[in-house]
Amino acid sequence: MNLFRKELKTGLKPFLFWTFGLFVLIFAGIVKSGAAMADGAFMTELIGKFPRIVIAVMGMANIDISNFGGFYAVLMQYIFVLTAVYGTHLGNNAVSRESVDKTYEFLFTKPRSRSFILARKLLAAMVYLTVFAALNLLFSVLATKQLGVEGDYTGLFLRFCAAMWLEGVVFFALAAMFSASISSAERGARAGNLAVLGTYALAVVHDLLEKPGVLRFFTPFRYFLNQELVAGGFPLLYAVLSVALAAAFLALAFARFERRDLGAL
């Protein structure tokens, strides 16, 4: 448990930084929702004039932002990206921090297996990712109440919170796998970041196509579609797929970490 507490302490400052960014996005976004809904017809007409690729990049495809649910869904697309980047940061740091900081000899000469140590480090990182998703729910509820948004959107917030957490877990596990598999800590971190960028590019292509077909399976950013969540649904198939992918990536991370050169940079 000492290692687990140490990891929590080490990750606290970055967590506060990311949480502040989340807080600003939520409150600033919900403040702007009032203006968007007040001029709903104008906003819908204006967005309709944008090139489809611009709409896809901004996460506005197939959603009506003239109501709060639609506007919140678009806001959450930016938070999904934030969560993916934070999850990647957590997964990479859990595996490679000691190699970068040159403290691996002190930690990994303890009478504990590598898997035991990595499990505690990943668990601490998962705690921060879970709290981050829970704070998204809390900030969303507080913002709507503080700013006087009419209606009960708790169900909507819960669905997006769950989707955000599952997406973050996939990128967290993927980054851990890359960091454990690639000898250089720097290149491992770069691979995780490129995965976020590449899958977001696929998400944009998904939104550009009328019938994306199986493309949805290849980008976690589209496992949970705006229109489905706003309508009250939650795709269990993609929820299960997210858990399965995360479990597979973590299993590979543990297997590769046992053979990794801990001193590599």
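The values are calculated or read from the model by the stated rules, or taken from the named source; none is laboratory data. What you are looking at is a predicted structure, and each value in this text was computed from that prediction instead of being measured. We place every Cβ from the backbone using ideal geometry, glycine too, and count neighbours over all the protein chains shown. Surface areas here come from the heavy atoms of the whole protein model, side chains and all, with no ligands, DNA or RNA. Shrake-Rupley method; radii C 1.70, N 1.55, O 1.52, S 1.80 Å.
Of all the criteria given as (1) without any contact (Cβ under 8 Å) to a residue 40 or more places away in the chain; (2) over 17 Å from LEU22 (Cα atoms), the one not satisfied by ALA134 is (2). Taking residues in the stretch 70-83 that are within 22 Å of PHE172 (Cα to Cα), and partners anywhere that are assigned to a helix (DSSP H, G or I) and among the charged types (D, E, K, R), the pairs with Cβ atoms closer than 8 Å and at least 6 places apart or on different chains are PHE80/GLU167; THR83/GLU167. Would you call PHE171 open to solvent by less than 30 Å² (accessible area, probe 1.4 Å) and more than 16 Å from ILE26 (Cβ to Cβ)? Considered against the rule, which asks whether it is open to solvent by less than 30 Å² (accessible area, probe 1.4 Å) and more than 16 Å from ILE26 (Cβ to Cβ), PHE171 comes out as yes. Every condition in (1) of a type outside the set (Val, Ile, Thr); (2) within 16 Å of the chain's Cα centre (by Cα); (3) over 30 Å from SER66 (Cα atoms) is met by MET164 except one, and the failing one is (3).
Residues are listed down the side, and each one gets a yes or a no for (1) buried (at least 20 other Cβ atoms within 10 Å of the Cβ); (2) over 25 Å from LEU156 (Cα atoms); (3) of a type in the set (A, V, I, L, M):
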{"residue": "GLY198", "(1), (2), (3)": "no, yes, no"}
{"residue": "LEU202", "(1), (2), (3)": "no, yes, yes"}
{"residue": "VAL205", "(1), (2), (3)": "no, yes, yes"}
{"residue": "PHE224", "(1), (2), (3)": "yes, no, no"}
{"residue": "LEU252", "(1), (2), (3)": "no, yes, yes"}
{"residue": "ARG256", "(1), (2), (3)": "no, yes, no"}
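Filtering the stretch 117-150 to residues that are outside any helix (DSSP H, G or I), in contact with a helix residue (DSSP H, G or I) (Cβ under 7 Å, 6 or more places away or on another chain) and not hydrophobic (A, V, I, L, M, F, W, C) leaves nothing. Taking helices (runs of 4 or more DSSP H) as the structural unit, those lying wholly within the stretch 183-265 and holding at least 3 residues that are at pLDDT below 95 and charged (D, E, K, R) correspond to 185-208. Here the helices (runs of 4 or more DSSP H) wholly within the stretch 1-105 that include at least 2 residues being modelled with pLDDT under 75 and within 21 Å of LEU147 (Cβ to Cβ) are 12-38, 40-48.
Among the residues making up the stretch 186-196, those that are open to solvent by 30 Å² or more (accessible area, probe 1.4 Å) and not acidic (Asp, Glu) are ARG187, ARG190, ASN193, LEU194. The set of residues in the stretch 106-129 that are among the aromatic types (Phe, Trp, Tyr), modelled with pLDDT of 90 or more and open to solvent by 40 Å² or more (accessible area, probe 1.4 Å) is empty. Screening the stretch 140-168 for residues that are of a type in the set (Val, Ile, Thr) and touching a residue at least 60 places away in the same chain (Cβ under 8 Å) and picking the one that is most open to solvent (accessible area, probe 1.4 Å) gives VAL149.
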